[in-house]
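In what follows, a single structure is set out as C-alpha cells and then discussed.
The values are calculated or read from the model by the stated rules, or taken from the named source; none is laboratory data. Quick caveat: nothing in here was measured; it's all calculated off a predicted structure. Methodologically, a virtual Cβ is constructed for each residue, glycine included, from the backbone with ideal geometry; neighbour enumeration extends over all protein chains shown. The accessibility values were calculated without ligands, DNA or RNA, using every heavy atom of the protein model including side chains. Shrake-Rupley method; radii C 1.70, N 1.55, O 1.52, S 1.80 Å.
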Amino acid sequence: MTLAEQQQYRLGVIYVALSALAWSTSGLFVRAIHADLMTILFCRGIVSGLGVFALFFYIERRNAFRILRSMGGPSLAATIFSTASMISGIGSIYYTSVADAMVIYATVPFVTAGGAVLFIRERPNMRTLIASGVAFIGVLVMLSGHASDGGSWLGKGLAAVMTLTVACLAVVMRQHRNVPMLPAMALSAWLCSSITFWFASPLSISGQDLGLIIAFGIIQNAMGLSLYTFGSRLVPASDAALLTALEVPLTPLWVWMIFAERPSTATLIGGPIVLAALFGHILLEVRRNRAVTSAQAH
C-alpha cells in the first residue's frame with residue numbers, strides 16, 4: 001500500500017467511524033426529547049429528508065433530476081423498507097430500553113444473510129451460520145429477562161421489525177447495486193412524515209424539543225449518512241462494516257452514561273453473546289479478505 005493509499009484509508013476510517021458515532025446518538029435524542037413518538041417521527045423525517053436530498057443534489061449535480069425520473073421498482077422497495085425501519089427503530093427505543101433494542105438489532109447482518117439466501121440465492125459460508133447460531137442464543141437469553149409490562153414487549157417487537165426491514169433493505173440494495181439509493185432514502189424520510197402526520201402534534205412541541213428534533217435529523221441521520229457515503233468509498237466494505245458496528249454498543253453506552261438507563265441483567269448477559277458473534281464474525285471476514293488480497297498480490 002502506497003503512502004497516498006494509506007492516507008486515503010485512514011481518512012476513510014475516520015469518516016466511517018464518525019458516521020457510526022453520529023448514528024449512535026439516536027438513543028440520546030429519543031430520551032432527551034419530551035414530545036410524543038409520532039411528533040418526533042414527523043418532524044425528524046422532514047429534516048432528514050431535506051438533509052439527504054441536499055447531499056444527493058450535491059453529489060449528483062446535473063444528473064440529479066435524470067436519476068429521479070428513472071426511479072423504479074427497486075427504489076420503491078427501498079423506500080418502503082427504509083420507512084418501516086425508521087418508524088420501528090425509533091419506536092423500539094421509545095418503548096423499551098436502548099440496550100434491548102440495539103442487542104436485537106445487532107443480529108441484522110445474520111438476518112440479512114438469511115434473506116440473501118431466500119431471495120437472491122446468495123449462500124452464506126459456515127462462519128456466518130455459526131455466528132448466526134451464537135447470536136440467536138444471545139437474543140434468547142436477553143428476551144428471557146423481559147419486563148412484565150406490555151410496553152417492553154412492544155419495544156422489543158418493534159426492534160425485531162426494524163431488524164427485518166433493515167435486512168430486507170440491505171438485500172434490495174445488494175441485488176440492485178447500480179441503482180442510486182440516496183433519493184429513496186430521502187423519500188423514505190418524507191414518507192415517514194406523511195404517515196405520522198395524522199397522529200403528530202407539531203404545533204404543541206416546545207422550542208427546546210424542536211431544536212433537538214432538528215439536531216436529531218441533521219446529526220444522527222443526514223450527517224451519519226453523509227460521512228458513511230464519503231468514507232465507504234475509501235475503505236474495503238468489510239472494514240466499513242466493522243466500523244459501523246460500533247453503533248451497537250455505543251448507543252446504549254451513551255444513554256447509560258447520561259441518563260443512567262442501566263440495561264437489565266439478562267441484557268448484560270445476552271448482549272455480549274450477540275456482540276461477540278457480531279464482532280467475531282466481522283473480524284474473521286476482515287482477516288480472511290486481507291489474506292486473500294495479500295496472496296493475490298504475491
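Summary of values
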{"quantity": "Conditions (1) open to solvent by 60 Å² or more (accessible area, probe 1.4 Å); (2) within 22 Å of LEU246 (Cα to Cα); (3) at pLDDT below 80: number failed by SER144", "calculated": "(2)"}
{"quantity": "SER88, sole failed condition from (1) open to solvent by 20 Å² or more (accessible area, probe 1.4 Å); (2) under 14 Å from the mean Cα position of the chain (by Cα); (3) among the small types (Gly, Ala, Ser)", "calculated": "(1)"}
{"quantity": "Options SER194, SER226: the member that is more than 24 Å from VAL103 (Cα to Cα) and within 14 Å of the chain's Cα centre (by Cα)", "calculated": "SER226"}
{"quantity": "Residue in region 282-295 that is at pLDDT 75 or above, of a type in the set (A, V, I, L, M, F, W, C) and over 17 Å from the mean Cα position of the chain (by Cα) present", "calculated": "yes"}
{"quantity": "Cross-chain or 6+ apart pairs with Cβ under 6 Å, region 188-207 first and open to solvent by 60 Å² or more (accessible area, probe 1.4 Å), then aromatic (Phe, Trp, Tyr)", "calculated": "PHE197/PHE42"}
{"quantity": "Cβ pairs under 7 Å, 6+ apart, first in region 133-145 and farther than 11 Å from GLY271 by Cα, second of a type in the set (S, T, N, Q) and crowded, with 16+ Cβ neighbours inside 10 Å", "calculated": "GLY145/SER264; GLY145/THR267"}
{"quantity": "Residues of region 127-141 classified as open to solvent by 40 Å² or more (accessible area, probe 1.4 Å) and at pLDDT 80 or above, total", "calculated": "6"}
{"quantity": "Selected residue (criterion: modelled with the lowest pLDDT) from residues of region 91-119 that are open to solvent by 30 Å² or more (accessible area, probe 1.4 Å) and under 17 Å from LEU278 (Cβ atoms)", "calculated": "PRO109"}
{"quantity": "Condition broken by ILE218, with the remaining ones in (1) more than 24 Å from ILE14 (Cα to Cα); (2) open to solvent by 30 Å² or more (accessible area, probe 1.4 Å); (3) touching a Gly at 6+ places or on another chain (Cβ under 8 Å) satisfied", "calculated": "(1)"}
{"quantity": "Helices (runs of 4 or more DSSP H) fully within region 159-257 counting 1 or more residues that are at pLDDT below 90", "calculated": "182-196, 224-231, 237-244"}
